[in-house]
Structure formats: C-alpha cells, structure tokens
1. Do you know which residues across segment 537-566 are within 15 Å of the ligand (Cβ to nearest atom) and outside any loop (DSSP other than H, G, I, E, B)?
2. When you go through Gly735, Gly747 one by one, which is the residue that is under 21 Å from the mean Cα position of the chain (by Cα), in contact (Cβ under 8 Å) with a residue 60 or more places away in the chain and within 16 Å of the ligand (Cβ to nearest atom)?
3. With (1) more than 27 Å from Val386 (Cβ to Cβ); (2) at pLDDT below 95 as the list, and Gly255 as the residue in question, which single condition is left unmet?
4. Filter segment 648-669 for residues that are within 16 Å of the ligand (Cβ to nearest atom) and surrounded by fewer than 20 Cβ atoms within 10 Å (Cβ to Cβ) and give the result.
5. Any residue in segment 576-592 that's at pLDDT 95 or above and assigned to a loop (DSSP other than H, G, I, E, B): show its pairings with residues that are surrounded by fewer than 18 Cβ atoms within 10 Å (Cβ to Cβ) and small (Gly, Ala, Ser) at Cβ separation under 9 Å, as long as the two are six or more apart or on different chains.
6. Which of (1) assigned to a helix (DSSP H, G or I); (2) surrounded by fewer than 18 Cβ atoms within 10 Å (Cβ to Cβ); (3) within 26 Å of the chain's Cα centre (by Cα) is the odd one out, the single condition Gly418 does not satisfy?
7. Looking for something within 16 Å of the ligand (Cβ to nearest atom), assigned to a loop (DSSP other than H, G, I, E, B), modelled with pLDDT of 95 or more and among the charged types (D, E, K, R) - is there at least one such residue anywhere in segment 610-621?
8. Applying the selection to segment 321-356, what residues are surrounded by 24 or more Cβ atoms within 10 Å (Cβ to Cβ) and in contact with a His (Cβ under 7 Å, 6 or more places away or on another chain)?
Amino acid sequence: MSQAVDEIKIGGLGASRRRVEDNRFIRGKGNYTDDIVLPGMLHMEILRSPLAHARIKSIDASKAWDIPGVHLVLTGEMMATRNLAWMPTLSYDTQAVLATDKVRFQGQEVACVIADDPYIAKDACEAIVVDYEPLPVIVNPTQAVAEGAPVIRDDKENQPDNVIYDWEVGDRDGTDRAFAGADLVSKLELHYPRSHPSPIECCGSIADFNRATSKLTVYMTTQAPHIIRAAVAMVAELPEHMIRIVSPDIGGGFGNKVPIYPGYVCSILASILLERPVKWIEDKSGNLISTGFARDVYLKGEMALRKDGKILAVRMHTDADHGAFFSDAQPSKFKIGLMHSAFAAYDIPVAHLTARGTYSNKAPGGVAYRCSFRVTEAMFFQERMVQAAADDLGIDQAQIRAMNFVRDDQFPHRTPFGFLTDSGQYGKCLDVALKAIDYENFRREQAEARSRGRLLGLGISTMTEPLGAGNSREYDILGIKMFDSADLKVHMTGKAILRTGAKTQGQGHETTWAQIVAHELGIPAEDVVVEEGDTDTAPFGMGTYASRSTPVAGAAVAMVSRKIRAKARKLAAHLLEVSEEDIEWELGRFYVRSAPDRGVTIQECAIAAYSNMPDGMEPGLENTAYYDPPNLTWPFAVYIATVEVDPQTGVWDVLKLVAVDDCGVRINPMIVEGQIMGGLTEAYAMSNMQFITFDAEGNCVGSNYMDYLLPTAWETPGFELHSEVVTPCPHHPIGAKGIGECAAVGGPAAFVNAVMDALSGTGVRNIDMPMLPDRVWEAITYRRDVSGAPPVRSDD
Ligand code: CDP
C-alpha cells in the first residue's frame with residue numbers, strides 16, 4: 001500500500017539539504033569557462049588604454065602582426081568596417097567595443113590580439129604602438145557638470161554635455177508643503193563609494209563559429225544567457241536560432257557578469273573571421289579596472305520631522321557617476337534603478353527624489369552589485385538618514401524606527417514613491433534583534449565605558465528590498481519583458497530533469513529548485529537534476545541578478561510542477577478507475593477519497609504516462625511554465641552591530657552582529673543562512689576596507705588585491721542569525737521572498753551607524769565608507785566629518 005512521503009526526508013521545503021553542486025566544486029571538478037578546451041582553439045588578449053581620456057592619433061600594429069603565432073590583430077578601425085566598433089548597452093546607450101576616436105577611461109579596450117597561446121597574444125599586445133593625445137579628465141559628477149567641462153561622449157549626437165539623465169519621482173509640491181510644516185528638518189550628505197563585485201572568477205568567453213553549420217556557440221561567464229543571445233543576434237546580425245550561449249559553472253557573479261563586455265564581442269568576431277574557437281579570459285587587474293563597477297553615488301537629503309519623531313516627508317537628491325558608458329542593466333522605466341525604494345519600510349506620507357546621472361572618465365559603473373538595481377544605495381541612505389534624524393531630535397534609535405514603520409495591519413501599503421509593499425512584520429523583527437543584542441544592557445555598558453574613555457557604539461539598520469523583477473507591466477530590459485521560466489520533464493521511472501531561465505553562480509539553484517519540485521510532487525529532491533545556462537535547452541528567461549531567481553524562476557518551478565501534478569491526477573484516476581473528482585492528493589501520492597488505502601504514487605503515474613495512458617491522452621509527463629509575477633517580493637531585515645572604536649588609532653572592531661531576516665518561507669534554511677553570511681561579509685568589507693578610487697588623472701587606485709581588500713575568515717567577525725520571523729509572500733506560489741542580497745544591502749549601514757554612535761557627542765555626523773582607521777582617527781581628532789572627497793585636478 002502506498003503512503004504519503006515525509007517532506008523533510010525527501011529534501012523538500014524547509015530541509016537543510018546539502019548543496020549537490022558542492023560535490024564537484026570541493027573536488028575541483030567544476031567546469032568553468034576557462035576549463036573548456038576546444039580543438040584548434042586560439043587565445044585572445046586585450047590591449048587596454050593607460051590613459052583615462054585621450055584622443056587616439058594613430059595605432060601601429062605592424063610589429064604585433066609580425067610576431068610568429070599571431071593570427072589576428074583587431075583594432076577599432078577594423079571593427080568599424082563591420083559596423084562593430086560600437087555596441088548597444090543594456091541601458092539604451094552605446095559603448096565602444098574597441099576605441100576608434102578617443103579612449104574614455106583607463107583600462108578601455110583599444111586592440112585585441114588572437115594568437116596560438118595567451119603569452120604570445122600578450123607580448124603582441126605590448127608590441128602595438130598607440131599615439132595618444134591626452135585630454136582633460138573628469139572623475140566625479142561635480143567636474144562633469146562644471147562650466148566648460150570637456151564633453152566625454154562627443155561621439156554622440158545630441159549630447160552637448162556630460163549629463164545622461166535627470167529624473168524625478170514623487171510629489172514635489174506635497175513634499176515642499178510637508179517641510180514647511182515641520183518642527184525640525186534633519187539633513188545628511190554622503191558618498192557611497194565605487195566598489196567592485198570582484199568575483200573570484202573573472203569574465204571570459206570562448207566563441208566557436210562553425211562555418212559548415214553556420215552555428216555560433218559561445219561559452220561564457222554570463223548571468224543572463226538569453227539576453228546575451230538576443231544582444232549577439234542584434235550586434236553580430238546573426239539569426240537567433242544559430243546562436244547558442246552556454247554559461248557553464250560560474251565562480252561568482254554579484255552583478256559583475258550581467259553587462260555585455262567588449263571582450264565577448266571581439267572573441268565572437270575573431271572566431272567568425274578565423275573559423276576557429278577563440279578564448280578570452282580576463283585577468284584580475286583587467287577585471288578590477290574595466291568591468292562592472294558598482295555604486296559611486298553622491299546622496300544628499302533631508303527629512304521633515306515632528307518633535308515626537310514622526311517622519312513627515314523626505315527629500316533626496318542623487319548624483320550618480322556612471323563612468324564613460326551607461327552600460328549597466330536597468331529596467332527601462334527607471335533611470336536610476338530602484339533607488340526610489342528608499343524609505344519603503346516607513347510610513348511616510350510624501351517624498352520627492354531627484355536623480356542625475358553623469359558620464360566621467362572612469363570605467364562603466366552602476367551595476368547592481370548584489371542588489372536589486374541601486375537598492376543598496378537607497379537603503380544605506382535611508383538608514384543613515386534615520387539615525388541622523390534621531391540624533392538631531394535626541395530620540396532613541398530603535399524608537400524612531402519602531403514608531404515610523406509600516407504596521408502589520410497597513411499592508412498592502414503604497415510607498416511615497418509608488419511601490420506596493422504587501423507583507424511584513426517590521427516591528428517584530430526589530431524586537432527580536434533588540435532582544436538578541438541585549439539593547440538596554442548594551443546602552444548601560446556603553447555609558448559606563450564612555451566614562452572610562454572607551455568608545456562603544458551600536459548601529460541599527462533595517463532594509464526592505466524589492467526583489468523579483470518584474471512584473472512584465474512595469475519591468476523590461478531593452479524592451480524584453482521581465483518574467484521567468486521552468487521546464488520539467490519527468491521520465492518514466494519518476495526521475496526528472498528541470499531547466500530554468502535563471503543561472504546559478506554559486507547560490508545553489510541545483511539544490512533548491514529540486515526541493516521545490518519535491519514539495520510540489522513528492523519526487524525526492526535527489527531524483528531531480530537541475531540544469532541551467534544553455535540557451536539551446538533552457539526555456540527563455542531573463543537570468544539571475546537582483547535576487548530575482550526565487551521570486552520569479554522559483555515560482556515558475558512551483559507552477560510547472562503543478563501542471564505536471566494536474567496531468568498526473570488524470571493518470572491516477574485512470575489507474576484507480578475512478579473519476580478525477582474522486583481523487584485526493586497528499587505528498588507523493590493520489591488516493592481515492594472514499595477509500596484512502598487505494599492509491600498510486602507519483603512515480604506510478606509517471607510510468608503510466610509512457611505505458612498506460614487513457615485513450616485520447618497525449619503521452620509523456622513534461623511541461624513548461626512562464627511566470628510573470630504580480631508584484632515584487634518584499635523581504636525585510638534588521639541588522640544590529642556593536643563596535644568598539646580605538647580613539648588612538650581609529651581602528652574599530654565588531655563586538656557582535658545580529659541579523660534578523662524575514663524572507664518568507666525558506667526553501668533551504670542552510671543555504672539561506674549561507675546567503676546572509678556572505679552578504680554580511682561583503683557589507684563588512686564595504687564599510688571597513690574596500691577602497692577603489694581614482695586619482696585626479698583618472699588612474700584607478702585599487703586595481704589589485706593588495707589595495708582592494710577582500711575579507712578572509714581572519715578579518716570577518718562572527719554573525720548571529722535569527723530566523724524566527726516568517727511572513728510568507730502573499731502572491732508567491734510557495735510564499736518565498738528573495739534573500740540573496742539582503743544582508744549586503746542592509747548590512748553596511750549597521751556598521752557605519754555603530755561607528756557613528758560610538759562617536760556621538762563629538763559633533764561628527766558622517767564618515768564616508770570605507771571607514772578606514774585614518775578617516776575615523778581624523779574624525780575623532782579634529783571633530784569633523786570625513787568625506788570621500790572628490791579629487792581635484794592638479795591644475796585646479
Ligand atoms: O537570484 P538569486 O539566486 O541570487 O537569489 P535568491 O532568489 O534570493 O536565492 C538565493 C538562494 O537562496 C537560492 O538557492 C534560493 O533557492 C535560496 N532561497 C531559499 O532557500 N529560500 C528563500 N526564501 C529564498 C532563497
């Protein structure tokens with residue numbers, strides 16, 4: 001007699017199932033782009049510009065051509081003859097593939113050499129002589145909009161200055177009125193510095209054009225293979241069905257592997273011209289100076305407050321430095337990503353945001369580094385502003401948050417910038433976090449320590465992140481609507497293969513997607529193999545970034561499983577010789593309502609789909625689901641850090657960090673914890689040590705891991721995680737919300753607020769990240785704010 005299966009035993013929802021992908025990763029058996037070797041493969045290296053802004057007077061590649069083993073030297077001029085010198089970006093801008101007229105940032109691609117091996121290609125790059133005429137350099141928005149500033153994008157028609165967009169959202173007049181009636185106006189200005197996602201694996205591609213079949217196969221490090229296929233079809237003018245993009249294992253993406261890079265395009269063209277596979281693997285400094293920067297925004301704002309702490313209105317202005325090309329992916333409607341998700345967790349009647357994006361002589365920036373399109377910057381400003389307001393009013397940090405949060409009974413709630421948040425228990429999360437950090441006790445210890453000259457501080461940060469773009473009504477990239485997909489084939493033995501339009505880069509989709517199938521069908525997770533990243537086999541999807549996988553592709557997995565279950569129900573009715581209406585479902589099994597002992601397993605239904613289907617039924621047990629979410633999912637979190645600052649050196653240490661994350665239903669609690677710990681580590685790194693900047697000449701300072709620090713286990717503090725608050729997402733089929741980025745989004749403000757709290761009473765209002773010891777020491781010693789001040793040109 002068949003029985004229902006135990007969900008946890010089969011690795012369903014809520015099981016901390018070990019990651020199946022780790023079997024190959026920890027054995028060194030992963031299959032990354034650089035592991036792929038094709039017969040007759042050639043190697044490509046890129047010559048990059050040493051200058052940030054210069055006119056190219058000439059390029060002499062004759063010596064490179066003469067080097068034995070060199071097959072091809074590509075320059076911008078040659079690309080131009082094939083209309084490939086420029087390519088479209090994912091934000092409706094254009095980007096130089098190889099420079100023709102000018103170089104616009106240090107590290108820009110100027111030429112490529114394709115040779116028998118990478119060493120010959122590198123030597124040949126060095127043999128190329130480029131004659132540059134240096135031009136004045138712009139490294140921040142202030143310089144970009146200054147009177148008489150050189151126009152960086154003089155290649156574009158109708159681009160008389162360096163402004164990319166001037167965008168606003170919210171209610172300007174209503175906000176003005178609210179400010180006029182405020183008891184107090186609190187102000188804050190800060191810089192969220194440039195940072196780099198710095199995945200361990202750099203970017204790369206292997207293009208393989210087969211003239212005999214006219215098929216182009218590209219193995220590459222992309223988080224969004226289907227978007228790349230569409231872009232290649234447009235740029236290279238190849239038919240889409242003749243393009244196959246394969247993302248093999250990816251060694252971390254974090255947003256760095258969303259944009260389209262010149263290296264990809266050049267390897268494709270080289271393979272078409274040479275009719276041989278061409279591999280390009282970026283080196284670490286190439287990655288750190290030229291691809292996928294994040295943040296670099298100057299934020300200022302003010303908050304209108306009532307005496308008792310009620311927030312009446314917010315005004316915000318953002319200046320975003322995008323570098324030389326506006327190339328990060330944005331939903332078309334929103335120029336500065338989802339920056340306007342700021343203050344979504346607070347019940348604020350009215351707000352107004354203005355945002356200006358400008359070009360500079362820096363590598364393209366603004367990618368969503370572990371965040372949903374600029375949400376990190378938004379949440380950072382929000383939580384720094386709330387702390388500044390509490391300080392100005394002399395109100396407790398926790399209290400001002402609690403009194404302004406959207407209450408549980410206010411959902412669905414329309415934010416002042418127009419989002420609809422649908423669920424959460426914000427007050428409860430804060431209570432759990434305060435208890436875990438032993439708030440009152442810490443305040444006593446802090447006061448006592450202060451009396452003995454020790455500086456302790458406590459920083460609270462909360463975040464609610466709009467995750468899971470789209471719905472397709474509002475979200476698209478280059479006009480392609482944002483939805484996602486899953487395709488499930490159940491074999492006759494009840495084993496299955498699942499493919500989705502997402503692409504894991506370390507998040508564990510191979511483990512968790514199978515858990516959703518197990519939850520919906522009762523097929524043990526170990527019987528479901530998950531495959532992603534091959535456009536020839538995966539259903540169309542928008543890829544993985546902005547923590548959209550669980551909210552969108554994960555929902556598609558549940559929905560396709562339900563379609564399979566619906567067909568299996570018909571098969572069960574046939575096998576049990578009753579009508580479908582008499583059939584009931586429990587996990588893994590259908591049974592007859594009036595005779596529960598009479599049942600068939602899902603595996604028996606699978607065999608029947610191939611061997612004993614009812615008359616008129618199409619054989620097989622396969623289906624595809626495309627899922628267009630009705631709304632974003634809105635996870636919420638509270639992070640509280642306590643720190644001790646050494647007034648003699650400015651060094652600060654984390655005493656404790658507690659994290660309370662509510663991401664709805666957790667598919668795999670262990671993986672969720674891993675995501676939170678990874679995010680917190682990155683948050684700690686951003687606030688403490690990661691400094692990538694540019695000098696006045698546009699030289700990138702921080703182009704290697706001696707200068708740009710990644711925290712190891714040694715530096716990283718311990719984290720205490722809490723999972724007791726669970727508010728299921730009301731519209732997600734299994735109640736899950738995204739989690740991948742939350743801690744990286746919300747974490748930085750907890751550390752900065754803690755250091756600022758330690759310095760309370762000194763008059764210091766802000767220290768920009770990274771809070772390096774010298775910055776903290778300067779703030780303490782001179783009792784002044786320390787900004788990441790924009791560099792000025794030496795001739796200024
Ligand atoms: O889009 P991305 O995969 O980066 O982020 P995510 O959708 O938040 O998922 C990150 C990982 O956490 C995936 O393996 C998810 O399946 C898992 N997760 C989970 O187990 N439960 C949730 N409620 C959310 C994510």
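The values are calculated or read from the model by the stated rules, or taken from the named source; none is laboratory data. Just so you know, these numbers come straight off a predicted model, no measurement behind them. Positions of Cβ are backbone-derived with ideal geometry, glycine not excepted, and every protein chain shown enters the neighbour counts.
1. Ser549, Thr550, Pro551, Val552, Ala553, Gly554, Ala555, Ala556, Val557, Ala558, Ser561, listed by residue number.
2. Numbers: Gly735 fails: under 21 Å from the mean Cα position of the chain (by Cα).
Testing whether each residue is under 21 Å from the mean Cα position of the chain (by Cα), in contact (Cβ under 8 Å) with a residue 60 or more places away in the chain and within 16 Å of the ligand (Cβ to nearest atom) leaves just Gly747.
3. (1)
4. Across segment 648-669, the qualifying residues are Val665, Pro669.
5. Val578/Ser594; Val578/Ala595; Leu587/Ala4; Gly588/Ser2; Gly588/Ala4
6. Status for Gly418: all satisfied but (1).
7. Looking through segment 610-621, none of the residues is within 16 Å of the ligand (Cβ to nearest atom), assigned to a loop (DSSP other than H, G, I, E, B), modelled with pLDDT of 95 or more and among the charged types (D, E, K, R).
8. Leu353, the sole residue that qualifies.
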